[in-house]
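All remarks here apply to the structure that follows.
Every read-out reported here was derived from the displayed coordinates using simple, explicitly stated rules and does not represent laboratory data. From a predicted model like this one, the values you see are computed outputs, not experimental measurements. Every residue, glycine as well, gets a Cβ built from its backbone with ideal geometry; the counts of neighbours run over all protein chains shown.
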Amino acid sequence: PWRRAVLKVGSSLLAADGGGLSPRFALGLAQFVSANLIAGRELVIVSSGAVAAGRAILPKAAEIGAPIAARQALAALGQAQLIALWQRFFERPVAQVLLTHDDLRNRRRYLNARATLGELLRLGALPVINENDTVSVDELKLGDNDNLAAIVAALVDADALFIATDIDGLYSADPRSNPLARPLDDVPELTPQVLAMAGGSGSSVGTGGMRTKLEAAAKAGAAGIETYLFNGRSGEVVRGLAQDRLRGTRIHAARTRIAARKYWLRHAPVEAGAILIDAGAATALSEKGASLLPGGVAGAEGDFRRGDMVEIRLRDQDGERCLAHGVSQYSAVDIRRIARRHSREIDGVLGYSYGENVVHRDDLVLL
């Protein structure tokens, strides 16, 4: 009953361990996409595999030079092969879209990406999205494309997120090491107990495990999107899914859907930095819905700029914890100068003012 969905495909489904991309591996998933496109539905593919494809071209590259630079080079080598793999299956135009965390945490670029994807779907194209690993640094980490798929699902206002894995969905324990593990067909809510069932890392080809897939499902669920985990290597499972018969795990959406802007504030990647606040400011934010003023700011961590999204962290005798995300009206340098000051002192301290709030309540979401 869905009309628009995102399909996330991991590199382990497109390439054997240490090998290049295989059309044979991708065929079943392409048939699933094609069947739904013919039925009048819309799909966006979020596909890993560029680094794996590049590694097959230059298998020794990872042993030469800096690890991050080598992975970026492998992504550049493999990206053309990845998009060519998907293009060969479809008569309709296939559009390549590469995103970075900067595209998602900057509100203007986030909205531009949404407009572009919406127009591609309106034109009848099939967007294939991957993270732009060639220029990313901190983005090359565990499970990014799982989380990217969830954010993209919210970005395009999808009804469903399909995550293809190399096992049959979520189990009560890791079925590869525990013979007593039982499959979970239906998960009404992602409780801590359910999250504890997820294992650690995934296959040697990919960069994500079941834990990151459940984190992605939680992000999708907050936007009112159901998530389906299924075995993308099983032709029988994929053929059944094309006929709306799921053999895997259905993860329900959250009961309450948050507004689009609040979703972005909560789930878009956060700049490597934080505003530190005291207990009084924490109370004002959490109980009164107030904006963050400089008087309640204890300091800043990192080197973020005005307009960046950052963590808002409570620092007290028990340590630090993240209380909220918000868009800072001032840079980290400026915040260190105006911390503990009254708002009317900002202009005198800095020689300019962007307003009385360090973070306006409309640019803030509690976690």
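So here's what we get for this one:
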{"item": "Degrees separating the helix 107-122 axis from the principal Cα axis of the chain, which is the longest one", "result": "30"}
{"item": "Residue (of ALA56, ALA39, VAL237) at the positive-pole extreme of the chain, dipole from beta-carbon charges", "result": "ALA39"}
{"item": "Cα principal axis extents for region 271-366, largest first, Å", "result": "35, 26, 26"}
{"item": "Neighbourhood net charge (15 Å Cβ-Cβ; Lys/Arg +1, Asp/Glu -1) for ARG266", "result": "+2"}
{"item": "Options MET309, TYR352, SER328, ranked by Cα towards positive dipole end of region 271-366, top entry (Cβ charges)", "result": "TYR352"}
{"item": "Rounded to 5, the percent of DSSP beta bridges in the chain classed as antiparallel", "result": "45"}
{"item": "Footprinting exposure proxy for MET197, MET309 (fewest neighbouring C-beta atoms within 10 Å first)", "result": "MET197, MET309"}
{"item": "Ascending count of other beta-carbon atoms within 10 Å, so fewest first, for ARG261, ARG245", "result": "ARG245, ARG261"}
{"item": "FRET efficiency estimate (nearest 0.05) - Cβ-Cβ, LYS262 to ARG337, R0 30 angstrom", "result": "0.50"}
{"item": "Nitroxide proxy distance, nm - points 7 Å out along Cα→Cβ at ARG24 and ARG321", "result": "5.3"}
{"item": "Residues of type aspartates and glutamates that LYS60 reaches as a straight line, Cα spacing below 19 Å, ignoring anything fewer than 8 places off in the same chain", "result": "ASP17, ASP133"}
{"item": "Cα convex hull volume per residue for the chain (Å³)", "result": "154"}
{"item": "Hypothetical label at ALA76: residues of region 90-121 whose amide nitrogen lies under 18 Å (7 Å Cα-Cβ projection)", "result": "98-100"}
{"item": "Residue-averaged 222 nm ellipticity for the chain, from DSSP H runs of 4+ at -39500 (n - 2.57), nearest 500", "result": "-11000 deg cm²/dmol"}
{"item": "FRET E, pair ASP347, LEU58, Förster distance 45 Å, beta-carbon r, rounded to 0.05", "result": "0.20"}
{"item": "Cβ-placed point charges (K, R +1; D, E -1), dipole of region 271-366 about Cα centre in debye, nearest 20", "result": "220"}
{"item": "Length-normalised contact order of the chain in % [C-alpha pairs under 8 Å, at least 6 apart]", "result": "15"}
{"item": "Ranked list, fewest to most other Cβ atoms within 10 Å of each Cβ, for ARG250, ARG3", "result": "ARG3, ARG250"}
{"item": "Lys, Arg +1 and Asp, Glu -1 on Cβ, resulting dipole of region 213-351 about Cα centre, debye, nearest 20", "result": "600"}
{"item": "Relative contact order of region 11-117, defined on C-alpha pairs under 8 angstrom at six or more residues apart (%)", "result": "24"}
{"item": "Inter-part distance where region 313-365 and region 25-104 are each reduced to a Cα centre, Å", "result": "41"}
{"item": "Top positive-direction residue, dipole computed over the chain with Cβ charges, set LEU123, ASN147, ALA254", "result": "LEU123"}
{"item": "Charged-residue dipole, Cβ positions (Lys, Arg, Asp, Glu), the chain about Cα centre, Debye nearest 20", "result": "600"}
